[in-house]
Amino acid sequence: MKWVPYTRESYVRLGERVLAGVILSAARENGDVRLSQKDTLVYNTLPRPYISGVTLRSLAEQFDFTFIPPLEQTEELDFQERIDLGFRAGLATGIDYLGSVAVVLVRMGRRFAEGAQAAGPAAHILHPRAMLRLLRGWIRSRFEGRPMLPKDLWHVKAIPSGGMGASIYRDRIEHYWGVPPFEQYGSTEAGIVATQTWNKKGMTFFPDAVFLEFVPEEEWVKDRRGEIEIPKTVLLDEVEQGKRYELVITDFFGKPFVRYRTGDIVEFIDLEDYETGVRLPQMMFVGRSSDFIDLGGYSGVLDERLVWQSIIDSGVDFEEWAIRKETVSGRLRLFIETGDERGENAIRQRVNETLKRRSRHYADYEDLIGEIPLVVTILTPGTYEAYMAEKHAEGAEYAHWKPPHMNPTDEEIRLLLAKSAERRRPADAKR
């Protein structure tokens with residue numbers, strides 16, 4: 001766990017920047033403000049002491065939302081209970097803003113599309129407005145000749161979200177929920193430091209959050225290989241379009257960090273946003289420097305966003321994944337939970353092709369070693385659920401319930417494989 005001291009002023013400024021994001025998240029054009037007093041905000045983020053919980057409390061001091069679950073209850077509930085309570089209550093109250101991690105939105109939308117959850121909440125709440133909402137949603141979906149989706153039940157103004165999954169699953173979330181997710185970027189150390197604007201494309205750094213420096217990719221790669229002692233930095237007006245940088249921050253408002261290397265890697269996708277008129281560099285978050293896979297030599301590195309998007313582009317239906325570089329062979333092993341019946345070799349071929357299309361470095365690495373660099377190990381459906389259940393039973397914090405996507409440890413892989421093997425075993429015969 002990382003513990004970071006926040007002064008009162010830095011805490012208040014955090015809430016201001018989040019409120020700015022909420023306003024922008026619902027906007028469709030310049031000057032469009034849709035925020036109203038008592039708007040319902042359903043959230044399924046982690047409570048205090050996590051930064052998401054601190055952020056929520058600071059936001060509550062800035063504006064009079066109706067929070068579901070109520071803030072005084074949220075810290076008494078576990079993560080799944082908050083999700084269930086939020087959506088059940090939302091059937092009666094409606095949802096104006098939905099603060100959520102992307103994977104929860106995708107999973108719920110997929111269950112609706114499969115018909116598994118379309119009527120599920122009705123068994124838990126018989127409020128007349130909930131029943132009317134379900135009826136209207138059912139009629140709307142039947143009129144359009146498709147399964148009922150969350151957007152048939154709720155007309156949300158916006159979905160403030162965070163993490164890399166928001167942009168990766170953007171199209172799916174918009175399909176299920178009717179609006180695209182809205183991203184802000186932040187960290188425990190810095191708070192919220194960047195936001196999308198009303199067009200929901202690249203993110204712009206707030207000018208008053210922290211003092212910004214950037215370590216160019218070639219510098220932090222040399223640093224992790226032990227080739228230099230102190231990497232060089234550039235300022236915001238010196239960054240280049242299409243290049244990746246590690247973020248370095250110096251805090252304002254009495255917080256303690258001075259020239260602190262966050263380990264977060266951002267890529268500048270443009271030097272301004274012509275559509276909104278924001279004449280500042282536009283960035284996206286691509287991963288943690290410790291999570292990159294170094295392909296060696298001049299072949300560059302692979303980041304989490306690239307691998308994740310390549311798996312999606314391959315068309316393989318999956319639940320979760322992890323990847324790491326094998327020490328002896330130098331090949332990349334992808335562990336993927338899937339019920340895809342095409343088998344490991346077919347998945348390997350599909351993901352390999354999408355990786356090559358998206359990454360020149362990966363294609364070069366294949367040429368360098370003279371064979372497909374990727375090896376696939378299929379994990380049985382339910383593996384990650386069983387893994388998380390065991391971690392939860394051990395008392396692990398929620399942030400450590402799942403192994404990382406990039407560079408999982410030997411122990412994490414051992415437990416994944418053990419849970420996968422357990423799920424494959426036939427049920428014991430009755431005695």
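What to note about this one:
- Strands (runs of 3 or more DSSP E) fully within region 138-230 counting 3 or more residues that are surrounded by 23 or more Cβ atoms within 10 Å (Cβ to Cβ) and under 22 Å from the mean Cα position of the chain (by Cα): 159-162, 181-187, 191-196
- Residue that is in contact (Cβ under 8 Å) with a residue 12 or more places away in the chain and among the acidic types (Asp, Glu), where the choices are Glu229, Glu218, Glu240, Glu272: Glu240
- Condition check for Lys38: at pLDDT 95 or above, more than 18 Å from Phe182 (Cβ to Cβ) and among the charged types (D, E, K, R): yes
- Screening Tyr245 with (1) surrounded by fewer than 15 Cβ atoms within 10 Å (Cβ to Cβ); (2) touching a Phe, Trp or Tyr at 6+ places or on another chain (Cβ under 9 Å) gives one miss only, at (1).
- For region 335-351, the condition of being of a type in the set (Ser, Thr, Tyr), in a helix (DSSP H, G or I) and assigned by TED's automatic domain parsing to the domain that holds Lys402 holds for none of the residues.
- Taken together, the residues in region 368-394 that are touching a strand residue (DSSP E or B) at 6+ places or on another chain (Cβ under 9 Å) and of a type in the set (Lys, Arg) amount to 0.
- Selection from region 61-82 of residues that are in a helix (DSSP H, G or I) and surrounded by 15 or more Cβ atoms within 10 Å (Cβ to Cβ): Gln62, Leu71, Thr74, Phe79, Arg82
- Any hit, region 41-49, residues being surrounded by fewer than 17 Cβ atoms within 10 Å (Cβ to Cβ), assigned to a loop (DSSP other than H, G, I, E, B) and of a type outside the set (S, T, N, Q): yes
- Among the numbered conditions (1) farther than 29 Å from Ser359 by Cβ; (2) at pLDDT 95 or above; (3) aliphatic (A, V, I, L, M), the only one that Ala427 does not meet is (2).
The values are calculated or read from the model by the stated rules, or taken from the named source; none is laboratory data. Not measured: the values here are computed from a predicted model. We place every Cβ from the backbone using ideal geometry, glycine too, and count neighbours over all the protein chains shown.
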